[in-house]
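Enquirer: Handing you this structure, nothing more for now.
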Protein chains: 4
Amino acid sequence: MIHFENDYNRGVHKDLLQALVDTNDEGLAGYGFDQYSERAKDKIRVACQAPDAEVFFLTGGTQTNQIVIDSLLQSYEGVIAADTGHISVHEAGAIEFAGHKVLTLPHEYGKISARQVETYLENFYKDANHAHMVYPGMVYLSFPTEYGTLYTKHELTEIAGVCRRYEIPLFIDGARLGYGLASPMNDVTLADLAHVADVFYIGGTKMGALCGEAVVFSKDSSPKRFPTIVKQHGALLAKGRLLGVQFDRFFTDDLYLKIGQTVMEKTERLKEILTEKGYTFFLESPTNQQFVILENAHYKELSKEVAMGFWETYDENHVVVRLATSWSTTEQDLEELQRLL
Amino acid sequence: MIHFENDYNRGVHKDLLQALVDTNDEGLAGYGFDQYSERAKDKIRVACQAPDAEVFFLTGGTQTNQIVIDSLLQSYEGVIAADTGHISVHEAGAIEFAGHKVLTLPHEYGKISARQVETYLENFYKDANHAHMVYPGMVYLSFPTEYGTLYTKHELTEIAGVCRRYEIPLFIDGARLGYGLASPMNDVTLADLAHVADVFYIGGTKMGALCGEAVVFSKDSSPKRFPTIVKQHGALLAKGRLLGVQFDRFFTDDLYLKIGQTVMEKTERLKEILTEKGYTFFLESPTNQQFVILENAHYKELSKEVAMGFWETYDENHVVVRLATSWSTTEQDLEELQRLL
Amino acid sequence: MIHFENDYNRGVHKDLLQALVDTNDEGLAGYGFDQYSERAKDKIRVACQAPDAEVFFLTGGTQTNQIVIDSLLQSYEGVIAADTGHISVHEAGAIEFAGHKVLTLPHEYGKISARQVETYLENFYKDANHAHMVYPGMVYLSFPTEYGTLYTKHELTEIAGVCRRYEIPLFIDGARLGYGLASPMNDVTLADLAHVADVFYIGGTKMGALCGEAVVFSKDSSPKRFPTIVKQHGALLAKGRLLGVQFDRFFTDDLYLKIGQTVMEKTERLKEILTEKGYTFFLESPTNQQFVILENAHYKELSKEVAMGFWETYDENHVVVRLATSWSTTEQDLEELQRLL
Amino acid sequence: MIHFENDYNRGVHKDLLQALVDTNDEGLAGYGFDQYSERAKDKIRVACQAPDAEVFFLTGGTQTNQIVIDSLLQSYEGVIAADTGHISVHEAGAIEFAGHKVLTLPHEYGKISARQVETYLENFYKDANHAHMVYPGMVYLSFPTEYGTLYTKHELTEIAGVCRRYEIPLFIDGARLGYGLASPMNDVTLADLAHVADVFYIGGTKMGALCGEAVVFSKDSSPKRFPTIVKQHGALLAKGRLLGVQFDRFFTDDLYLKIGQTVMEKTERLKEILTEKGYTFFLESPTNQQFVILENAHYKELSKEVAMGFWETYDENHVVVRLATSWSTTEQDLEELQRLL
């Protein structure tokens, strides 16, 4: 069986594993107050060109979205997101559990536009009944989106502009950020993200960490008592080192970015193979997730040897599947896939 | 100034006021354990032909929706509703405050169909990722809807059938129930509602009460410890008599239904006036709320003498306004309106 | 049967009822934006000598406590209260429902001291692990307390001083405020309360209203979007006039204070009767709730003709009962009680 | 510097690390549906002699307490715990964040008794006002307690008996379970815990895992949709293997129990050293946490070379410190400590 179903089916990137082994016997402070966590934060600030940023490490994506959103919103506020956004659909109501509504806008390939956001905000405040409604208190984007698509720097800057005018923060979910940054279609850097977003996170789990996401409050504006909020949400690790050591390694010698680049090369190879073999793409994705349309019978047959992610039913006779490359995809995986398709 | 902006701009219906006056000096048990509350519950059971129903009185509509939904849903469940449903838009996130997502379906004149609900439920359980999503745990309808429209008995029965198959309760918001029941277009009775719905509420505030809604768990299946849940939500009145006495009167000599009938006669008169005067209806509403399209200038001018409810912007030059008759609308109000239009 | 079980067994004070009757046919704005609510707020500001205060009307005590506490606390904060405080024991977890812990201090006759509060705060911040604990974000007192006792002006000023030093608000629950203000033992005025407390509420329900409590944010520091927060908690009345009209009357010709004075005279009479008859007081209460110790058999017998509130088991053979006078207690009630004891 | 400040200052036990390394390149299912997680669950069922138990893996202790308690309680219920319980004090309000009150009983060396629990429950249901109070819906114990003390099998059986009579679950927090099981003073086995408790967790983090706790619903009565609840609380790891692989190793060749035994031998040695050197114990602890009273000056001096945990201020001149042995404590650590004391 070869694995293309997702980007988290292997354990941990070998360099991160080595860092965990190397530091294993050191006696370190708990709860993220160890020197590796501190060093990782410093390196992230440098990589983001954001010397005043405050950085925190959390365990997983849904947890991060829940805590960031809950800590920044007032109780009477909700978060604007694409209707396909991860927080809208695939977090089992984690945002609502914390008391907040997700205010959805129709997506285009996973994206929403500055114009949509602005119209929503304009209409909200024009509505004579808006005091009876949920105040829009934040904009949530994902980069890359759930469809693998990317916002351009221009698009992000426009959305950020709307947020500034309405004085609400812009939050960018970077669960697969490294793949987005390394995409040949991308024109956004970490520094750009720190510039446009009030807060974003640098995804670790899907980039090769055992677990871990780095939240960056880029404007020195992290919520008061953030560690206590994290604890209250059940998310404070006793051995915070687990996250700090991995991110310290990610941001040493540009490993995080290099992993992305290597994977994007493999993605290009995957796209070539799929194109050569005559597969129909469901959409144009510039990142590590590729979506193709398969006949039901072919899907069933192929699934015996290739693990793929079911995405959605296309029509009675076809399904859309996701093929994801990742930090753990090998040349052999690709060759084997080519042979099997 | 004449009042057509809504159905809650007056105090209390004279017969209810008299009942409050008549019972004022009696020493009664608190928290809804008085004999008037008990008697009102009995009368409602009779009116609904639901001898096993459990009835509770709450103060207002949003409160009722929040408590009923929160008490019946499991923590991981959300409520299916029209995207125009009151809980979706105009309750300031009261449902999310209690931890639950509102799962919206596109409305048609405020209504959703059994087919839509079934498709949603089917797709949910077919989705391989549904364990990562909010489980649909209830269906919420409003009768009449926010657009004044009504479900037919057939439509309700079909929706109830889907709910039964998926073993989720059907909840009907009857904030303006009396106007719906009395509509000439209506074929649904209180007994029908008790038959199709697991729980519904009989709106008092908009039918002439100072405040108060009667929740009917029609299948003898009220949530355990419901009074404690009510208290926990801050909704238990010390002087529960205020609600019991009013509903006791509402359900004496069919006052509740009669109020509806009288108002619907006035609504027919209102529709005639509007038609005679050549106004364009925004939609066909069979209940006490009528929606017409006005030129901006005319709207502004008319507003000096007629209180109307702004509904939405129609286009650059027009607005949609709501004209509502109610238990407090008089013949003079209608004559005056006719003169002014 | 004569009624001494509580102070909410009758309907509404006759003057408030008259005000409701008098205004019943007026068409008024909803949701508390009517002129009676505005006028009541002005009168309350005058009575409190707090021209910048912001005043809001809510329906009941638990609701008020929940909303005030939830709207002022940060998510990671809890509220300090006596272990006998209403919010600690008798609100069915309404504070926790909104996500906040009640941090209890041992009471003395229902009261806590500035010294206790200060020690708690000092110890909290000295504790090296306090980031793992709930931050104390507010102090809650009740005046009168659940035992009918009162804080002196000096005691309140001291507690307020501690709150100021730690920059946390002081909230005073005045469910029975009018009885406290009128007590012969009291040296606190409404103006004093507005001076020492950041927020307090003037109880209506137990002073003769059908329902209603007036929240006073005395320092012009009400939480942003407070009406939306109220709506979100399910507490915004469509006919806000119900509360406004009653409080407008309460604060016309000092009715609120006069009711308190009349009741306190009756309380003095009640205490005399109990003393004459040789009853043992459970504690010295300077307000309308009196607590006496009865033999079980006597309690049972007496209950046939006198409604009393069971307070707690005293020992195997005795119980503590509460006898409350109120705005509805008559001379005849007292004479009848004297006869029966 | 030698480390006795806590039991989580090192990374991961070497055998668990080896297991992570050995399985690292395998492509596994996500979200805990991998074969290692399955195998670990089977082994835990065997170790607990509870073939019907349902086992889930979570990341940390506070998270586990929050999710177990929230998933088992009804919305109107709270959890009974010692006032020193971890959930009462050191979880930053995680239980209240999920809407539930912690109902505290006074502890004796961290423990509460069956008698206390029974009295609380009896009094609750006898209280005529209990419908206005938080229903006690669960009992929470920690084993060992926060003071290192242990319940005997007899004590647990008695508490479980009270829980059965009142039909509420018994939940045991086993953050340091392995140290408790291996204590020379202990008479409780894993099978006993599965027998008395409805749910308990087997702590991993403090026993040598990078992170991870194993929740055991011992009576085949896990809450419906538990994985969705976990997701909703932000606690579902994409790479659930991280937890499964470690617990699979813990429960292979009795490693979990052996680690406990080795540590308890070291604890005996630690106690000998402390006794020899004339230190005063703050309390008699039968597990890996030892508490001694130090003069302030001595504490300050010693802290330069020995990391200790500050516990509390004893008096003006003394502090209580915690010295914890753990799976990572070496012979050299103990020798060095002996030299330094």
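The values are calculated or read from the model by the stated rules, or taken from the named source; none is laboratory data. Bear in mind the structure is a predicted one, so any value in this text is a computation, not a measurement. Virtual Cβ from ideal backbone geometry, glycine too; neighbours counted across all protein chains shown. Calculation scope for accessible area: heavy atoms of the full protein, side chains included, ligands and nucleic acids excluded. Shrake-Rupley method; radii C 1.70, N 1.55, O 1.52, S 1.80 Å.
Enquirer: Determine if the stretch A:42-59 includes at least one residue that is surrounded by 22 or more Cβ atoms within 10 Å (Cβ to Cβ) and either polar (S, T, N, Q) or free of Cβ contacts under 8 Å to residues at least 60 places away in the same chain (or both).
Expert: The answer is yes, given that some residue of the stretch A:42-59 is surrounded by 22 or more Cβ atoms within 10 Å (Cβ to Cβ) and either polar (S, T, N, Q) or free of Cβ contacts under 8 Å to residues at least 60 places away in the same chain (or both).
Enquirer: Going by the conditions given, is B:Gly148 open to solvent by less than 10 Å² (accessible area, probe 1.4 Å), more than 23 Å from B:Phe251 (Cβ to Cβ) and part of a loop (DSSP other than H, G, I, E, B)?
Expert: It is true that B:Gly148 is open to solvent by less than 10 Å² (accessible area, probe 1.4 Å), more than 23 Å from B:Phe251 (Cβ to Cβ) and part of a loop (DSSP other than H, G, I, E, B).
Enquirer: Okay, next question. Given A:Gly260, A:Gly240, A:Gly234, which one is away from chain D (no Cβ under 14 Å) and not aromatic (Phe, Trp, Tyr)?
Expert: A:Gly260
Enquirer: Right, another one. With of a type in the set (Val, Ile, Thr) and closer than 26 Å to A:Gly60 by Cβ as the only criterion, which of D:Ile67, D:Ile112 stands out?
Expert: Criteria check complete, one pass: D:Ile67.
Enquirer: Can you tell me which of B:Gln49, B:Gln66 is within 22 Å of B:Val216 (Cα to Cα), polar (S, T, N, Q) and more than 11 Å from chain C (Cβ to nearest Cβ)?
Expert: One residue alone meets the criteria, B:Gln49.
Conditions (1) part of a helix (DSSP H, G or I); (2) surrounded by 18 or more Cβ atoms within 10 Å (Cβ to Cβ); (3) not β-branched (Val, Ile, Thr), marked per residue:
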position	(1), (2), (3)
C:Gln116	yes, yes, yes
C:Phe124	yes, no, yes
C:Ala128	no, no, yes
C:Met138	no, yes, yes
C:Pro144	no, yes, yes
C:His154	yes, no, yes
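Enquirer: Taking the options D:Gly32, D:Gly11, name whichever one is on the phi > 0 side of the Ramachandran plot, crowded, with 22+ Cβ neighbours inside 10 Å and small (Gly, Ala, Ser).
Expert: After ruling out the rest, the residue left standing is D:Gly32.
A quick yes/no check of all residues on (1) under 23 Å from A:Tyr120 (Cβ atoms); (2) among the hydroxyl-bearing types (Ser, Thr, Tyr); (3) away from chain C (no Cβ under 14 Å):
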{"residue": "B:Glu91", "(1), (2), (3)": "yes, no, no"}
{"residue": "B:Ala94", "(1), (2), (3)": "yes, no, no"}
{"residue": "B:Val102", "(1), (2), (3)": "yes, no, no"}
{"residue": "B:Leu105", "(1), (2), (3)": "yes, no, yes"}
{"residue": "B:Glu108", "(1), (2), (3)": "yes, no, yes"}
{"residue": "B:Ser113", "(1), (2), (3)": "no, yes, yes"}
{"residue": "B:Tyr125", "(1), (2), (3)": "no, yes, yes"}
{"residue": "B:Asn129", "(1), (2), (3)": "no, no, yes"}
{"residue": "B:Met133", "(1), (2), (3)": "no, no, yes"}
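Enquirer: Within the stretch A:300-318, does at least one residue satisfy the condition of being at pLDDT below 95, of a type in the set (Val, Ile, Thr) and not assigned by TED's automatic domain parsing to the domain that holds A:Thr149?
Expert: Yes; the residues of the stretch A:300-318 include at least one that is at pLDDT below 95, of a type in the set (Val, Ile, Thr) and not assigned by TED's automatic domain parsing to the domain that holds A:Thr149.
Enquirer: Given (1) open to solvent by 10 Å² or more (accessible area, probe 1.4 Å); (2) more than 14 Å from chain B (Cβ to nearest Cβ), identify the lone condition not met by A:Ala98.
Expert: All conditions are met except number (2).
Enquirer: Going through the stretch C:259-281 one residue at a time, which ones are in contact with a Ser or Thr (Cβ under 7 Å, 6 or more places away or on another chain) and of a type in the set (Val, Ile, Thr)?
Expert: Passing the criteria: C:Val263, C:Thr267.
Enquirer: Quick test for you: out of B:Ala81, B:Ala50, pick the one residue that is in the same structural domain as B:Phe217 (by TED's automatic domain parsing), small (Gly, Ala, Ser) and over 30 Å from D:Gln232 (Cβ atoms).
Expert: Within the list B:Ala81, B:Ala50, the selection yields B:Ala50.
Enquirer: I'd like the full set of residues that are over 10 Å from D:Val68 (Cβ atoms) and away from chain A (no Cβ under 12 Å), limited to the stretch D:199-215.
Expert: Result: D:Ile202, D:Ala214.
Enquirer: Listed residues B:Gln63, B:Gln18; which is under 19 Å from B:Lys258 (Cβ atoms) and in the same structural domain as B:Gly174 (by TED's automatic domain parsing)?
Expert: None of the other options fit; the residue is B:Gln18.
Enquirer: Can you confirm whether the stretch C:27-43 contains a residue that is farther than 26 Å from A:Tyr76 by Cβ and at the interface with chain B (Cβ under 8 Å from one of its Cβ atoms)?
Expert: Among the residues of the stretch C:27-43, at least one is farther than 26 Å from A:Tyr76 by Cβ and at the interface with chain B (Cβ under 8 Å from one of its Cβ atoms), which makes the answer yes.
Enquirer: Being within 13 Å of chain A (Cβ to nearest Cβ), over 30 Å from C:Asp70 (Cβ atoms), in contact (Cβ under 8 Å) with a residue 40 or more places away in the chain and open to solvent by less than 20 Å² (accessible area, probe 1.4 Å) is the requirement here; does D:Ile2 meet it?
Expert: Yes; evaluated as a whole, the condition is true for this residue.
Enquirer: May I pose another question? Can you say whether A:Glu5 is touching a helix residue (DSSP H, G or I) at 6+ places or on another chain (Cβ under 7 Å) and either outside any strand (DSSP E or B) or not charged (D, E, K, R) (or both), as far as the supplied structure shows?
Expert: So A:Glu5 fails the test.
Enquirer: Can you name the number of the only condition in (1) without any contact (Cβ under 8 Å) to a residue 40 or more places away in the chain; (2) under 30 Å from A:Phe33 (Cβ atoms) that A:Glu316 fails?
Expert: (2)
Enquirer: Evaluate the following for B:Thr84: is it hydroxyl-bearing (Ser, Thr, Tyr), more than 26 Å from B:Pro223 (Cα to Cα) and either touching a residue at least 12 places away in the same chain (Cβ under 8 Å) or more than 14 Å from chain C (Cβ to nearest Cβ) (or both)?
Expert: It is true that B:Thr84 is hydroxyl-bearing (Ser, Thr, Tyr), more than 26 Å from B:Pro223 (Cα to Cα) and either touching a residue at least 12 places away in the same chain (Cβ under 8 Å) or more than 14 Å from chain C (Cβ to nearest Cβ) (or both).
Enquirer: Can you pull out every residue in the stretch B:66-104 that is among the polar types (S, T, N, Q) and within 11 Å of B:Met138 (Cβ to Cβ)?
Expert: Matches in the stretch B:66-104: B:Ser71, B:Gln74.
Enquirer: Answer yes or no as to whether C:Asp22 is open to solvent by 10 Å² or more (accessible area, probe 1.4 Å), within 14 Å of chain B (Cβ to nearest Cβ) and free of Cβ contacts under 8 Å to residues at least 40 places away in the same chain.
Expert: Criteria met by C:Asp22.
Enquirer: Here's a follow-up. For the stretch D:63-71, indicate whether the set of residues that are of a type in the set (Asp, Glu), open to solvent by 10 Å² or more (accessible area, probe 1.4 Å) and free of Cβ contacts under 8 Å to residues at least 40 places away in the same chain is non-empty.
Expert: No - not one qualifying residue is present in the stretch D:63-71.
Enquirer: Identify the residue in the stretch A:287-327 that is open to solvent by 20 Å² or more (accessible area, probe 1.4 Å) and within 24 Å of A:Gly174 (Cα to Cα) and, among all such residues, is nearest to the other protein chains (Cβ to nearest Cβ).
Expert: Checked the stretch A:287-327; the qualifying residue nearest to the other protein chains (Cβ to nearest Cβ) is A:Phe310.
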